[in-house]
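Beneath this line is the structure, given in structure tokens, with notes to follow.
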Amino acid sequence: MADVTLTVDGKRITAPAGTLLIEACRKAGIEIPAFCYYPGLSLQAACRMCLVRIEKMPKLQTACTTPVAEGMIVATETDEIKQARKSMLELVLANHPLDCPVCDAGGECELQDMTFKYGAGGSKFIDIKNHRDEQQWSPVVFFDRPRCILCYRCVRVCNEGMDVAALGIQQRNASSVIAPNDKTELDCEQCGMCIDICPVGALTSDTYRYKTRPWEMTHIGTICTHCGDGCKTTLGLRRSEDGMQIVRGDNRDKSGLNGDFLCVKGRYAFDFSDSPERLTLPLVRQEDGHFETVSWDVAIKAVARGFREIRDTRGGSSIGVIGSTRITNEENYLLQKFARGTLGTGHIDHHRTTDYVSFIRALGGQKGRFASISDTASAPAVLLIGNDPTEQHPLLAWNLRTNVRQNRTRLYIVNHREIKLTRQAKAFVQIGSDSYAAFASFLSGGDSTAFGESATSLRDALRQEPNLVVIFGSELRGADVETLVKFGLSLPDTKFACLGDYVNSRGAADMGLYPDLLPGYVPVAASGAMQTEYGERFPAQPGMDLASMFEAAGRGQIAGMYIVGDDPVERLGIAPETLRDTFVVVQDMFLTGTAKLADVVLPTASLYEKSGTVTNTYGDLQGVKKAADRAGVRTDLELIVRIADAMGHDVRKLVPFGKGVRADMGQSRGAQSGEADRHAIWLAAHNLEPKLSPFDPNALLDEIQRVVAGYDFDRIDLLAGSSPQVQPASAELVQIAPPSSRPDSIQPSGDTLFTSGTLGHYSEKLNEVQAFQEKKALVAAD
Amino acid sequence: MSLTNISVDKKPEGTIFSPELAARFDKLVTLYPMKRSALIPMLLYAQDEIGYLSDAAIAEIAHRLQLTVLDVRNVLSYYSMLRTRPAGKFNVQVCTNISCMLRGGQELFEHCERQLGIGHKQTTPDGVFSLEEVECIGACSWAPAVQVNYDFHDNLTPETLDAILAEYRSKASQ
Amino acid sequence: MPTLVSHPEEVKIVSSRFGQGAAEIDRYIELGGYQAVRQAMEQGPEWIIAQMKASNLRGRGGAGFPTGMKWSFVPKQSEKPKYVLVNGDESEPGTCKDHLIFLHDPHSVIEGTIIAGLAIGAKMGFIYLRGEYRYLLTIMEKAIADAYAKGFLGKGIFGSNFDFEVVSQTGAGAYEVGEESALMESLEGKRGIPRIKPPFPAVVGLYGGPTVINNAETIATVPHIFRMGAEAYAKVGSERNGGTRLFCVSGHAERNGVYELPMGYNLKKLIYEVAGGIRGGRQLKAVVPGGSSTPVLLASEIDIGLDFDQVGQAGSMLGSGGVVVLDETVCMVEFALRTIKFYQHESCGWCIPCREGTDWLKKTLTRFHAGAGEARDIDNIRYLAENMLGRTFCPLGDAAAMPTIAFVKKFRQEFEDHLDGRPCPYAKKPANELVGV
């Protein structure tokens, strides 16, 4: 819309017509205080803190409900307004308990801040305050009515943002109260958005309540370790006996790609890191079959000796390596490089939860076709096939709801169940759970009567969409993904997103944790330059996938296994005998089903205890920052480097660190023999310094950026805390073998909002919430 | 199984209301451009029949209007005439607002407290009377005024009120 | 049954059919009913609105907005259906005029509603009565059913091709619902919280459609305007204040009751002549001229004409026509407390200044009246009220603040007389019963 010019406090400011005065002022650096106004939520005009004087208006006006107008003359700092603000705060504080010294919000309370800035030093009120006892509404939410200032943010975020509507306003006058939907309890998604958005300490979380003071914590913004959406979560840390303990997860900072949003897992399920079941000492199985805790030195030597012996006696191809969906890109990259370059095996895989390979293949090297998570919040039209984002991709669900609410985006849903998001859908077509493939070909122009009229009109509508975002779940795989993508590509400007389950599922795929694909989805057969990078042990042939490795182990063909951050034994129900004759090394935080069968268990740091990068399922790359610390554990990166070192491998060939010729990563052979240090040149060209430590994840990120297709983002973006999008797309990609020739080894996690794979088992709070929700579901089913 | 609250509240079986009231509700929802408009009348009529708004009544009304129970509770708790606990058969509502106050409304209320042996929002042990001090009931020029259920009694004195209460008491024993 | 009063000074227009059995449709017709609507139908919307403007009729709910102008704000073209909403949520303490209209002349409300519908192009009207008026709803519903039976409502009313539906219902106990946007919320089955304005109801009202909302008395007056002629009606009243108004005299007058008098009628005359003076020959202390939210007038301030402008000039408001007469026995602190207790009870709780302001005014006044007041309380009460004034979400905050300011300003001495643990000088009870509140 056209801009209008107005005068605020004598200053001329310009804003697009229709902008709310409060926003226009804030953008111009004029702060107008408000409790109830919250960008993106409906207007309330309830707190009256934003009253301003507008010329020609008889009364003070709320800046939060007044759109700017040409020639408007506004005063925001007169004595009259100062008095209005001061008296408003006096009134709020009249019944506020002023228990700030023990209040969770003390120190980060909007009421405190406003009182400090605009309020009165004294109180005129001597009568008794209204009191009500604090209530616990769920395993995570507590409500303290006297502290509540009735700004209705919680009610709105639950209604409008979450579409859960678990909070209401009851009674009236000074008895008005926020009330939960199930009498005295909350039957909801337990996202805790109400807590986050509360400007005071009326809504508090069980995990943090009365634990510490905000200023006693260190606050580190990092990436949630749970689902594939990769939300930013700010962890509050406090020194504990054996490191730095996480006491809070929240989203106060709001600078992440998740904006305002955080779900139950991101907010509360950090407690696994403090679980009593956490491993902190290496374990080595003794002759009698029992684990013995040993020193790191002993453990690493045992691993190195074991792998080296197998490699040197039976060949690298008798070792299998399994990577993780929950470690960093740098670690996964290093792991596969270690597998291929140090162990000399092509048997490398990970828990695949969706078919990224077919997706990448289908796009055939086209750039600009990947939908980032932010696209889902702004695209004018979205087609969602399969998945239930409310349960599996809560941020995506939030974005889609927001997009529909604020931009009236056209949301089309195809699913075998009437998922919650269908409430926001413009059109919903329900299909059989085994009909996704058929539907994909229907979209591509197949039999038009197969799915009925509603499907046909949906297809017709989609054909009119010039800027569609197509989001699909793991229901579509292999050739069906290609069919769907082909349909999408037939429209003008379609983007796509393929939904995978864990924080770094996409990263694991991009980093080449596949037996047949190298980092950047380069087929092993087309390895080219990569082979020279990785050295002479590089296996020329594709290896075995995860399931085949265990089968081969059962047949005695796999003598060693290196399993990092995964529990395939539990997940696939692998019989213990299978690994009887295999030397198994497990790196994990817990004694998982797989770890129980290991010969050596190396306790590792969680994603909250390390630095690096992760790539969410939409290809948004984000920096992970070390927040917590736990005495005893090591990062996966450090362990891989130490094992390689103990095996006698030149660590500089594994991790490009240090200066000069010593950093020549295998450039002394082959066609490029005698060529200058390729890595050093790359660093120089990108204004980067060589890293000094082999344990510096940035050293690996340098190499990833240099060699992995699509990871050539601008480093400054990452350093600035934004999330550059990676697009693994190069001409070579078309060489990926067709789906028909590749086994479908996808195993979706089946996680809900309240589970999180193996990690979820160790989150006490998540289990508690799940039990609470199960109880509610049982009552509802009665 | 989904453990999140994504479905509307559970559908009650049949109706807990009399056939006449159920039929009235069926008609009520058709009168307005939006079903929800029938909410406040429905709550009142349900209360008239049952004596208060029970959980079952709230659930059924919510279902009839395709609202959540929470939504219905949000609304009903706003209005002072709606209650979620039983009252006496005859709810004596004494106005003590300004016009009645000037004509002895407060004294009338205190008289009721003594005569009935109960206070504001209390019910006699036999369940016949409950007492309420209420805000202006729109009978200012005929003050002091009292409403018993929906019936107005105006220009009262303690003596005339006693006679009225006696009449209700005998009605209750019939 | 409320007693009807009569006085020769009265000009009975709206009340002309009171006590005539006009709740029966045939009797209403016999008394000239349903003629105005036929005339309006023949003449069409523009003529109707022109007549309404010429009548100088101003809204009888309290704000006194010119009715004809209000109707003219409704856009002619609208995608969404338009509605007429009759505000019969009469709840302002001291006011009981709509009570009589619904009781004695329900058809005048229906007829007025149809005319308003014709004027703005609405096909549906709602008549909303306060919850306590259940027995009047029964009367209203019968009147509506009778009008349907006669073909005055429904499809093709009066044999024309114009359709008009009317639905009536009650609220369930909430003063705030008398505020027009809260009324719409309540009618839509929600909590009675006012809406943010703009948009105003004439543009976005009920169910999002343009809506005219008028007080029941205003609507009941409409057919009379057409019956009498707009100019004739205007002439009855004072300048810019057309016609008559129902004044509800309550409190300490000798003959309380609802009197219909021309706009601009002298307040002193109303009390001393029409209502027979102060009961028992006592002295007049003060008058609340237009319902509890209007600032109190001293006995020396009542020689004024009762219209919106003159009462306004006297520092109060004509309000809803509830004239509350206070004699010398009244404790003004107690009266202020009772007034604020009402607003505290009825505050919808939405905005901070009203919710907290009324609550703390009530707390302070309760303690003060009980004899535990401190000197600074008097200024604090005024400070609280002055800081609510003009800053609340809806007029309820002003309705609580304005009389409070006037009580403190005009009766400060009475407040001071309560200080230092002294019992209320006007207490009807021994002092020891007042202790310990």
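The values are calculated or read from the model by the stated rules, or taken from the named source; none is laboratory data. Note that the structure is a prediction, hence the values are computed from the model and not measured. All Cβ positions, glycine included, derive from the backbone under ideal geometry; neighbour counts span all protein chains shown. Keep in mind that these areas ignore ligands, DNA and RNA; they rest on the heavy atoms of the full protein, side chains included. Shrake-Rupley method; radii C 1.70, N 1.55, O 1.52, S 1.80 Å.
Let's see how each residue does on (1) in contact with a Pro (Cβ under 9 Å, 6 or more places away or on another chain); (2) of a type in the set (Gly, Ala, Ser); (3) open to solvent by less than 40 Å² (accessible area, probe 1.4 Å):
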| position | (1), (2), (3) |
| --- | --- |
| B:35 | no, no, no |
| B:48 | no, no, no |
| B:60 | yes, no, yes |
| B:63 | yes, no, no |
| B:104 | yes, yes, yes |
| B:108 | yes, no, yes |
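Filtered by the rule that a residue be closer than 17 Å to residue A:59 by Cβ, open to solvent by less than 20 Å² (accessible area, probe 1.4 Å) and of a type in the set (A, V, I, L, M), the stretch A:73-104 gives A:74, A:81, A:84, A:88. Would you confirm whether or not the stretch A:38-52 contains a residue that is among the aromatic types (Phe, Trp, Tyr) and either touching a Ser or Thr at 6+ places or on another chain (Cβ under 6 Å) or within 14 Å of another protein chain (Cβ to nearest Cβ) (or both)? Within the stretch A:38-52 (the criterion being among the aromatic types (Phe, Trp, Tyr) and either touching a Ser or Thr at 6+ places or on another chain (Cβ under 6 Å) or within 14 Å of another protein chain (Cβ to nearest Cβ) (or both)), the answer is no, since none of the residues qualifies. Here residue C:309 fulfils each of the conditions (1) among the charged types (D, E, K, R); (2) in contact with an Asp or Glu (Cβ under 6 Å, 6 or more places away or on another chain); (3) assigned by TED's automatic domain parsing to the domain that holds residue C:283 apart from (2). For the stretch C:17-57, taking the residues that are touching a strand residue (DSSP E or B) at 6+ places or on another chain (Cβ under 8 Å) and part of a loop (DSSP other than H, G, I, E, B), the one that is farthest from residue B:152 (Cα to Cα) is identified as C:56. May I ask you to verify whether residue C:287 is under 18 Å from the mean Cα position of the chain (by Cα) and assigned to a strand (DSSP E or B)? Spelling it out, residue C:287 is indeed under 18 Å from the mean Cα position of the chain (by Cα) and assigned to a strand (DSSP E or B).
Just checking, does the stretch A:641-655 include any residue being in a strand (DSSP E or B) and either open to solvent by less than 30 Å² (accessible area, probe 1.4 Å) or within 22 Å of residue A:538 (Cβ to Cβ) (or both)? No: the stretch A:641-655 contains no residue that is in a strand (DSSP E or B) and either open to solvent by less than 30 Å² (accessible area, probe 1.4 Å) or within 22 Å of residue A:538 (Cβ to Cβ) (or both). Restricting attention to the stretch C:77-128, the residues being more than 10 Å from chain B (Cβ to nearest Cβ), crowded, with 24+ Cβ neighbours inside 10 Å and without any contact (Cβ under 8 Å) to a residue 60 or more places away in the chain number 3.
For (1) outside the structural domain of residue A:633 (by TED's automatic domain parsing); (2) acidic (Asp, Glu); (3) not in a helix (DSSP H, G or I), each residue gets a yes or a no:
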| position | (1), (2), (3) |
| --- | --- |
| A:196 | yes, yes, no |
| A:219 | yes, no, yes |
| A:256 | yes, no, yes |
| A:287 | no, yes, yes |
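Looking only at the stretch A:170-204, residues that are hydroxyl-bearing (Ser, Thr, Tyr) and in contact with a Gly (Cβ under 6 Å, 6 or more places away or on another chain) come to 1 in all. Scanning the stretch A:738-771 for residues that are part of a helix (DSSP H, G or I), surrounded by 19 or more Cβ atoms within 10 Å (Cβ to Cβ) and either of a type in the set (A, V, I, L, M) or facing chain B (nearest Cβ under 10 Å) (or both) yields a total of 4. The single condition among (1) surrounded by fewer than 21 Cβ atoms within 10 Å (Cβ to Cβ); (2) charged (D, E, K, R); (3) within 13 Å of another protein chain (Cβ to nearest Cβ) that residue A:187 does not meet is (1).
Scanning the stretch A:53-72 for residues that are open to solvent by less than 40 Å² (accessible area, probe 1.4 Å) and within 10 Å of another protein chain (Cβ to nearest Cβ) turns up A:60, A:62, A:64, A:65, A:66. Taking the stretch B:14-68 as the range and being in a loop (DSSP other than H, G, I, E, B), farther than 21 Å from residue C:137 by Cβ and hydrophobic (A, V, I, L, M, F, W, C) as the test, the residues that pass are B:16, B:67. If you filter the stretch B:53-86 down to residues that are in contact with a helix residue (DSSP H, G or I) (Cβ under 9 Å, 6 or more places away or on another chain) and closer than 13 Å to residue B:121 by Cα, you find that the one that is farthest from the other protein chains (Cβ to nearest Cβ) is B:86. The residues of the stretch C:64-76 that are in contact (Cβ under 8 Å) with a residue 24 or more places away in the chain and open to solvent by 20 Å² or more (accessible area, probe 1.4 Å), listed by number, are C:70, C:73, C:75, C:76.
The residues in the stretch C:161-194 that are without any contact (Cβ under 8 Å) to a residue 60 or more places away in the chain and hydrophobic (A, V, I, L, M, F, W, C) can be counted, and the count is 4. Listed by position, the helices (runs of 4 or more DSSP H) inside the stretch C:306-413 whose residues that are within 9 Å of chain A (Cβ to nearest Cβ) number at least 3 are C:332-346, C:352-367, C:375-388. For the stretch C:209-219, which positions are within 14 Å of chain B (Cβ to nearest Cβ) and within 21 Å of the chain's Cα centre (by Cα)? Those that are within 14 Å of chain B (Cβ to nearest Cβ) and within 21 Å of the chain's Cα centre (by Cα): C:211, C:215, C:216, C:217. Test residue A:377 against the stated conditions and say whether it is under 22 Å from the mean Cα position of the chain (by Cα) and outside any loop (DSSP other than H, G, I, E, B). Yes: the conditions hold for residue A:377. Going residue by residue through the stretch A:512-533, is there one that turns out to be in contact with a Gly (Cβ under 7 Å, 6 or more places away or on another chain) and among the charged types (D, E, K, R)? There is at least one residue in the stretch A:512-533 that is in contact with a Gly (Cβ under 7 Å, 6 or more places away or on another chain) and among the charged types (D, E, K, R).
Only a single item in (1) touching a helix residue (DSSP H, G or I) at 6+ places or on another chain (Cβ under 8 Å); (2) open to solvent by less than 50 Å² (accessible area, probe 1.4 Å); (3) farther than 24 Å from residue B:134 by Cβ is not met by residue C:406, and it is number (1). Looking at B:138, B:127, just one residue is at pLDDT 95 or above, surrounded by fewer than 22 Cβ atoms within 10 Å (Cβ to Cβ) and either within 11 Å of chain C (Cβ to nearest Cβ) or in a loop (DSSP other than H, G, I, E, B) (or both), and that residue is B:127. Residues of the stretch C:239-268 that are buried (at least 24 other Cβ atoms within 10 Å of the Cβ) and in a loop (DSSP other than H, G, I, E, B): C:242, C:243, C:252, C:256, C:263. Scanning the stretch C:189-208 for residues that are of a type in the set (Val, Ile, Thr) and more than 12 Å from every other protein chain (Cβ to nearest Cβ) yields C:203, C:204. Of the strands (runs of 3 or more DSSP E) that lie entirely inside the stretch A:458-571, those containing 2 or more residues that are crowded, with 24+ Cβ neighbours inside 10 Å and over 28 Å from the mean Cα position of the chain (by Cα) span A:560-564. Per the conditions (1) at pLDDT below 95; (2) closer than 19 Å to residue A:251 by Cβ, the sole criterion not satisfied by residue A:183 is (2).
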